[in-house]
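Bear in mind these aren't lab numbers, they're just calculated from the coordinates by the rules spelled out. Please read these numbers as outputs of a predicted model, since none were measured by experiment. Cβ placement follows ideal geometry from the backbone for every residue including glycine, while neighbour counts extend to all protein chains displayed.
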Amino acid sequence: MKEIIRTEIDKEWAHSAIVEAGDYVYIRYCMKSEGQSIENQINGAFDVLSERLEKIGLTLKSVV
C-alpha cells in the first residue's frame, strides 16, 4: 500500500484539507467569500480548490 499524505492539517478539528491516498486525492470543503452573492461564493470555492490542487502539482483539469 502506498503512503497516505496529509496536507494542511488542522489539529484543532483533527482533519486535513488535502489527503492523497494511492491514486486518489481528497479535498475537504472549499469556502471563500462567505456572506457574499452565490456567484462570488462559487467562484471563491473554485479559487480555493485550485490553490489546494496547485500545492500538490495538479490543476482543475484533474478533477472528476
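Highest mean packing comes first when the peptides 46-53, 24-31, 9-16 are listed by Cβ atoms within 10 Å, giving 46-53, 24-31, 9-16. Mean projection of the Cα convex hull over all viewing directions, computed for the chain: 5.2 nm². Can you give the angle from 0 to 90° between the axis of helix 38-55 and the longest principal axis of the chain, with both taken from C-alpha atoms, to the nearest 10? In the chain, helix 38-55 runs at an angle near 30 degrees to the longest axis.
For Lys32, the residues 5 or more places off, or on other chains, whose built amide H falls under 5 Å of its own are Ala45. Measuring r between the beta carbons of Ala14 and Asp47 and using R0 = 30 Å, the FRET efficiency lands at 0.75. This model, with +1 at the C-beta of Lys and Arg and -1 at the C-beta of Asp and Glu, gives the range 4-62 a dipole about its Cα centre of some 100 debye.
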